[in-house]
Ligand SMILES: C[S@@+](CC[C@H](N)C(=O)[O-])C[C@H]1O[C@@H](n2cnc3c(N)ncnc32)[C@H](O)[C@@H]1O
């Protein structure tokens with residue numbers, strides 16, 4: 001159902017509209033660039049993005065080899081981030097804090113006052129990101145608990161089974177709080193399967209969504225921390241309008257971009273590892289094909305009705 005409404009949204013937007021947006025931001029829309037996100041965001045003008053979905057490294061792997069490149073300085077941040085292959089998830093506490101401040105500072109500059117950002121995390125990193133947001137004057141709208149009832153059991157039996165992730169929903173628009181929120185969708189959208197969401201009732205800050213992915217989400221290659229499309233489409237629909245621009249600084253296997261495309265939103269992605277950009281490219285091309293097939297199917301389904309009317 002949502003595929004068809006997104007297709008309509010895309011049809012309503014002319015090529016001229018899209019070109020105009022591209023000229024304003026001087027970077028191709030609907031594209032994932034294989035570059036460091038801080039460098040990527042620096043290429044964008046201020047106030048040009050409607051939504052950011054950030055799934056940053058949680059800093060869980062502890063065997064990495066990060067480089068701190070002091071050749072370029074970020075005002076007040078102490079250096080420039082450079083990353084080596086396969087080691088994007090391992091930093092010291094100080095490095096992670098500075099890294100978080102550095103990318104959040106760019107986010108604050110490029111996000112429109114009407115926009116907002118969702119940030120994924122766990123207890124390993126979300127406290128640091130929370131503090132970094134507060135230092136930068138990025139206001140937290142909500143803290144969402146993504147409850148995964150199918151979480152993998154704890155094998156050691158030495159602690160509780162970790163079964164949630166924390167998501168911060170934030171905005172940069174100051175006290176006026178201009179950020180877009182589709183309240184109607186949040187109350188009356190289709191959230192089948194979420195046992196904590198009653199139809200017609202306000203959405204709560206605990207989301208009951210399994211971490212399972214559909215076959216199509218995994219068949220073109222996997223990412224170790226891939227997010228399910230259903231979580232991402234929920235975020236996109238809650239906080240953007242059709243034709244808006246979603247940016248994802250840590251695009252991984254492209255899930256956020258695939259979700260944006262399905263919802264009829266534009267996207268910009270940054271990903272440091274080429275192998276994940278390659279997976280994303282194939283996923284996006286197939287999403288396009290699947291959406292076209294669905295459109296064709298819907299048009300043929302609608303045809304007999306049209307014929308009757310014209311009789
Ligand atoms: C948590 S994963 C994102 C997974 C993504 N949400 C998905 O569903 O496929 C984080 C990604 O950020 C990338 N990354 C780490 N540091 C980066 C940086 N400075 N700039 C761009 N990408 C980076 C990593 O290579 C990794 O693929």
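The values are calculated or read from the model by the stated rules, or taken from the named source; none is laboratory data. Because the structure is predicted, anything quoted here is derived from the model rather than measured. So basically every Cβ, Gly included, is an ideal-geometry build from the backbone, and we count neighbours across all protein chains shown.
I'd like to know if region 284-295 contains one or more residues that are modelled with pLDDT of 95 or more, outside any helix (DSSP H, G or I) and within 13 Å of the ligand (Cβ to nearest atom). No, because not a single residue in region 284-295 is modelled with pLDDT of 95 or more, outside any helix (DSSP H, G or I) and within 13 Å of the ligand (Cβ to nearest atom). If you check 57, 45 for being under 15 Å from residue 106 (Cβ atoms), part of a loop (DSSP other than H, G, I, E, B), modelled with pLDDT of 65 or more and out of contact with any strand residue (DSSP E or B) (no Cβ under 6 Å at 6 or more places or on another chain), only one passes: 45.
Among 222, 241, which is the only one that is within 16 Å of the ligand (Cβ to nearest atom), surrounded by fewer than 18 Cβ atoms within 10 Å (Cβ to Cβ) and in a loop (DSSP other than H, G, I, E, B)? Testing whether each residue is within 16 Å of the ligand (Cβ to nearest atom), surrounded by fewer than 18 Cβ atoms within 10 Å (Cβ to Cβ) and in a loop (DSSP other than H, G, I, E, B) leaves just 222. Here residue 2 passes the criteria (1) modelled with pLDDT under 95; (2) buried (at least 17 other Cβ atoms within 10 Å of the Cβ); (3) under 19 Å from the mean Cα position of the chain (by Cα) except the one numbered (2).
Answer yes if at least one residue in region 158-168 is in contact with a helix residue (DSSP H, G or I) (Cβ under 7 Å, 6 or more places away or on another chain), within 29 Å of residue 100 (Cα to Cα) and surrounded by 16 or more Cβ atoms within 10 Å (Cβ to Cβ), and no otherwise. Yes, the conditions are met somewhere in region 158-168.
Applying the condition of being surrounded by 13 or more Cβ atoms within 10 Å (Cβ to Cβ) and in a loop (DSSP other than H, G, I, E, B) to region 206-216 and asking which residue is modelled with the highest pLDDT yields 209. Of all residues in region 259-280, those satisfying the criterion of being within 15 Å of the ligand (Cβ to nearest atom) and within 24 Å of residue 24 (Cα to Cα) are 259, 260, 261, 262, 267, 268, 269, 270, 271. Determine whether residue 104 is surrounded by fewer than 19 Cβ atoms within 10 Å (Cβ to Cβ) and at pLDDT 95 or above. Answer is no for this residue. For first residues located in region 50-63 and under 15 Å from residue 144 (Cβ atoms) and within 11 Å of the ligand (Cβ to nearest atom), partners that are part of a strand (DSSP E or B) and at pLDDT 95 or above and lie 6+ apart or on another chain with Cβ distances below 6 Å form the pairs 53/118; 53/248; 54/119; 55/120.
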